[in-house]
Amino acid sequence: MTGRRFHRCQARRHDNVTDPAWKKRRSWYIVAANDRAIDPKLEGRLAERMKATTTTLQTSHLAMLAAPKQVTDAILAATRA
């Protein structure tokens with residue numbers, strides 16, 4: 001027997017978010033400047049839209065693997081803010 005399982009999270013996939021947390025809470029964003037999966041310019045625009053404290057790293061899409069210390073530093077800075 002084949003087929004797809006239906007998970008509860010799939011039922012909510014198309015719900016609209018009416019009150020996103022980033023509008024009320026401080027946000028942080030890491031832009032991967034050499035990302036080829038998501039355009040870094042788009043990442044920058046998203047971070048700007050949410051008024052995030054932005055860290056730009058000269059890494060590919062997986063910044064946490066390419067620059068773990070810098071990502072850790074950004075996370076720690078966010079926890080101290």
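Quick notes
- Every residue from the stretch 55-79 that is of a type in the set (A, V, I, L, M) and within 13 Å of Ala32 (Cβ to Cβ): Leu57, Leu62, Ala63, Met64, Leu65, Ala66, Ala67, Val71, Ala74
- The set of residues from the stretch 12-53 being modelled with pLDDT of 90 or more and of a type in the set (Phe, Trp, Tyr) comprises Trp28, Tyr29.
- Of the residues making up the stretch 15-62, just one is in contact (Cβ under 8 Å) with a residue 40 or more places away in the chain and among the charged types (D, E, K, R), namely Arg26.
- Residues of the stretch 30-76 that are assigned to a helix (DSSP H, G or I) and of a type in the set (Ser, Thr, Tyr): Thr72 alone.
The values are calculated or read from the model by the stated rules, or taken from the named source; none is laboratory data. Note that the structure is predicted; figures quoted are calculated from it, not measured. No Cβ is skipped: glycine too gets one built from the backbone with ideal geometry, and neighbour counts run over all protein chains shown.
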